[in-house]
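This report refers to the structure that appears directly beneath it.
The values are calculated or read from the model by the stated rules, or taken from the named source; none is laboratory data. Fair warning: this is a prediction, and the values are worked out from it, not measured in the lab. Neighbour counts run over all protein chains shown; Cβ positions are idealised from the backbone, glycine included. For accessibility, only protein heavy atoms count, side chains too; no ligands or nucleic acids. Shrake-Rupley method; radii C 1.70, N 1.55, O 1.52, S 1.80 Å.
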Amino acid sequence: MITWRDVIHFSVNGNPTPHKRVEKTEEEWRTILTPEQFQISRLHGTERPHTGSLCSIFEGGIYQCICCNTNLFDSTIKFDSSSGWPSFTQPIEENAIQYIKDDSYGMIRIEVLCNTCDSHLGHVFPDGPEPSGLRYCVNSASIKLKKTDE
């Protein structure tokens, strides 16, 4: 189980090695993503709270990266944080997520990216439920739900 200590360690000392890498040019990303998906996932944007299509969805399945289809989060660890964004307590695997120190907007946060393609997902905070205490706050436009019955 990843803890806040692990998150800080990864952001300072380097992230786990992903199973594979997916790299495309900016033009290639633009052709496969909607303008909103591109703005959020490739340009590190943020959707307005409570507007994302996956915010209040709690169906079974696996949440995948919108850019490269990497499995990121299991639906069983999604929770309602009332933050306005889909929230998760753990990634599906330790090496699924990349952690980057983010000191924009006059605060220090930890940005989370897909470790396979560097897609911006959101941020992780140490105010989630036990046992991990983590809250991965993720933009709906950065992920998609592959339902259990698909």
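For PHE125, nonlocal amide neighbours, meaning residues 5 or more places apart or on other chains whose placed amide H falls under 5 Å from its own, are ARG135, TYR136, CYS137.
Compared with the alpha-carbon gap, the fully stretched path from GLU26 to TRP4 is longer by 4.7 nm at 0.36 nm per residue. Protein heavy-atom accessible surface, 1.4 Å probe, per residue over the chain: 53 Å². Pair-distance distribution P(r) for region 1-142, from all Cα-Cα distances in 10 Å bins starting at 0: 12, 45, 37, 6, 0 percent.
Qualifying trypsin sites (Lys or Arg not before Pro) in region 18-127, where qualification requires a DSSP coil assignment and no more than 11 other C-beta atoms within 10 Å, comprise LYS20, ARG21.
Here the Gaussian network model covers the chain, with springs between Cα atoms less than 10 Å apart; of LEU33, LEU43, LEU54, LEU43 fluctuates the most. Dipole magnitude for region 4-113: about 100 debye, using +1 per Lys or Arg Cβ and -1 per Asp or Glu Cβ, origin at the Cα centre. Among ILE66, ILE100, ILE57, the residue with the largest mean-square fluctuation in a Gaussian network model of the chain, with springs joining Cα atoms closer than 10 Å, is ILE57. Of the accessible area of the chain, computed with a 1.4 Å probe over protein heavy atoms only, carbon and sulfur atoms account for 49 percent. Averaging the sequence gap over all C-alpha pairs within less than 8 Å and six or more residues apart, then dividing by the number of residues, gives region 49-150 a relative contact order of 31 percent.
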